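Below is one structure; the comments refer to it alone.
The values are calculated or read from the model by the stated rules, or taken from the named source; none is laboratory data. Computed from a prediction, not measured in an experiment: that's the story for all the values here. Neighbour counts run over all protein chains shown; Cβ positions are idealised from the backbone, glycine included. Keep in mind that these areas ignore ligands, DNA and RNA; they rest on the heavy atoms of the full protein, side chains included. Shrake-Rupley method; radii C 1.70, N 1.55, O 1.52, S 1.80 Å.
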Amino acid sequence: MHQLTHLPGRTVQIDNEPWLYFSGTGYLGAAWNEGLQNLVRAGMQQYGLHFGGSRLSNIQLNIFAEAEEFLANYAGAEKALLLSSGTLAGQLLMRVLSQYGEVLAAPGAHPAIWANAVPEVNTWESWVEKVKTIAQTPGPALVIAANSIDPLRVRRFDFAWLSTLSLQRELIVVIDDSHGFGLTGAEGSGIYRSLTLPPGAQLLVISSLGKALGIPAGVILGPKMWLERLWVSPYFGGASPPAPAYLLALVQGQSFYAESRQKLQANIQQFVQNLPELVDFHFFPEYPVFYTPNSGLAAFLSQRKILISSFPYPTPQDALVTRIVLSSLHTDGDISSLLESLHYYCQSEKS
């Protein structure tokens, strides 16, 4: 573990030496994007550092409604609701939904969307079969909660089976799209538009905006009826909202995000096209994270001053989860240096 005095970008300073950095969740390099930084500064000039009040107060800042309207249109949802983090968004939503119906969380789901229903099955496939059985049996409302992507072992979950369900009870689908929103879907708009649900089912998507988009906030996307219920919850009214300066940057900075997505895709293409065959990577198209079961890769790359993601998960006693994470900040030369080191690694493994 390295203690830092600065935020990494394409490089990180370790013991006063620059290392290439291929880790983290800042896929679009938003934290170091000068255009976005300038917009945040402008937002602070207009709104100050932070608004510490309630969204229910008699002071209503226009940027909150403006950003929520933007996010709803961007994702293809009827309405959006902003909170100070993705975790709080998930917790608020599941507090309300768990009082309405039975919650069934998928394996690997973020703890924010568990409610009191810790995942009971170990595999995605067994969870899907359980959902099918319960949904097609009469009973109270069923709330299913899952991630859109497993960002650790790099798997995009398949939800096509949802459209084939013959429902015998009300179904509410909750998806955590934190590692897809801003990256996947049309212009990075995430999973919302791509899901097809059976008649009568309802969809709610939560996301951190702090991953690809680099905005310290969270959002809930879904039907107006449900978001109005969340609005009157004391857990919403009693919480401070996101800092408004960042929301101005979110709304006005879409051209910067578009440029970053284009650069990131070029980096992914360069990396994938030149990967040595002997490195066992798990990945899917156009996504910037590459998982490998070869935990020794991190130590090898560190000898060449390249830092990748490698840590035990979900507890300190578990095995290492080792991944390479690309970002839009990386140059062609950075990618080439990483690829060169991977080729050396393969040669050393063969000998």
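Please determine, by comparing only the residues of segment 256-272 that are over 15 Å from residue 31 (Cα atoms) and among the polar types (S, T, N, Q), which one is least open to solvent (accessible area, probe 1.4 Å).
Checking each candidate, the answer is 267.
Answer yes or no as to whether residue 204 is under 16 Å from the mean Cα position of the chain (by Cα), surrounded by 14 or more Cβ atoms within 10 Å (Cβ to Cβ) and over 26 Å from residue 29 (Cα atoms). Lay out the reasoning, then the answer.
Values: under 16 Å from the mean Cα position of the chain (by Cα): yes; surrounded by 14 or more Cβ atoms within 10 Å (Cβ to Cβ): yes; over 26 Å from residue 29 (Cα atoms): yes.
So residue 204 fits the description; yes.
Taking residue 170 as the residue in question, decide whether it is within 30 Å of residue 287 (Cα to Cα) and charged (D, E, K, R).
It is false that residue 170 is within 30 Å of residue 287 (Cα to Cα) and charged (D, E, K, R).
Quick check on this structure: which one of 64, 22 is over 22 Å from residue 242 (Cα atoms), within 22 Å of the chain's Cα centre (by Cα) and aromatic (Phe, Trp, Tyr)?
Going through 64, 22 in turn, the sole match is 22.
Condition first: part of a loop (DSSP other than H, G, I, E, B), free of Cβ contacts under 8 Å to residues at least 60 places away in the same chain and open to solvent by 90 Å² or more (accessible area, probe 1.4 Å). Now tell me which residues in segment 22-69 satisfy that.
58, 59, 60
Which of the residues belonging to segment 322-351 are at pLDDT below 95 and out of contact with any helix residue (DSSP H, G or I) (no Cβ under 9 Å at 6 or more places or on another chain)?
Once the filter is applied, which keeps residues that are at pLDDT below 95 and out of contact with any helix residue (DSSP H, G or I) (no Cβ under 9 Å at 6 or more places or on another chain), segment 322-351 yields 343, 346, 347, 350, 351.
Collect the residues in segment 11-21 that are surrounded by fewer than 18 Cβ atoms within 10 Å (Cβ to Cβ) and in contact with a Phe, Trp or Tyr (Cβ under 8 Å, 6 or more places away or on another chain), keeping them in residue-number order.
11, 13
Take the residues in segment 321-335 that are surrounded by fewer than 16 Cβ atoms within 10 Å (Cβ to Cβ) and either in contact (Cβ under 8 Å) with a residue 24 or more places away in the chain or touching a strand residue (DSSP E or B) at 6+ places or on another chain (Cβ under 6 Å) (or both), then tell me which one is nearest to residue 22 (Cα to Cα).
Here the residue is 331.
When you check residue 227 against the structure, is it part of a helix (DSSP H, G or I) and touching a strand residue (DSSP E or B) at 6+ places or on another chain (Cβ under 8 Å), yes or no?
Against the criterion (part of a helix (DSSP H, G or I) and touching a strand residue (DSSP E or B) at 6+ places or on another chain (Cβ under 8 Å)), residue 227 qualifies.
Just to be sure, is residue 198 outside any helix (DSSP H, G or I) and either loosely packed, with under 15 Cβ neighbours inside 10 Å or at pLDDT below 95 (or both)? Quick ask: steps written out before the conclusion?
Details: outside any helix (DSSP H, G or I): yes; either loosely packed, with under 15 Cβ neighbours inside 10 Å or at pLDDT below 95 (or both): yes.
So residue 198 fits the description; yes.
Checking the structure you have, find out if any residue of segment 223-246 is open to solvent by 20 Å² or more (accessible area, probe 1.4 Å), within 23 Å of residue 328 (Cβ to Cβ) and touching a helix residue (DSSP H, G or I) at 6+ places or on another chain (Cβ under 7 Å).
Yes, segment 223-246 has at least one match.
When both residues are 6+ apart or on different chains and their Cβ atoms are under 8 Å apart, which pairs have a first residue that lies in segment 76-105 and is in contact (Cβ under 8 Å) with a residue 12 or more places away in the chain, and a second that is among the hydroxyl-bearing types (Ser, Thr, Tyr) and surrounded by fewer than 19 Cβ atoms within 10 Å (Cβ to Cβ)?
84/240; 91/235; 92/233; 92/235; 95/233; 95/235; 96/233
For segment 5-19, enumerate the residues that are within 26 Å of the chain's Cα centre (by Cα), part of a loop (DSSP other than H, G, I, E, B) and of a type in the set (S, T, N, Q).
5
Residues in segment 189-201: is at least one of a type in the set (Phe, Trp, Tyr) and under 20 Å from residue 82 (Cβ atoms)?
yes
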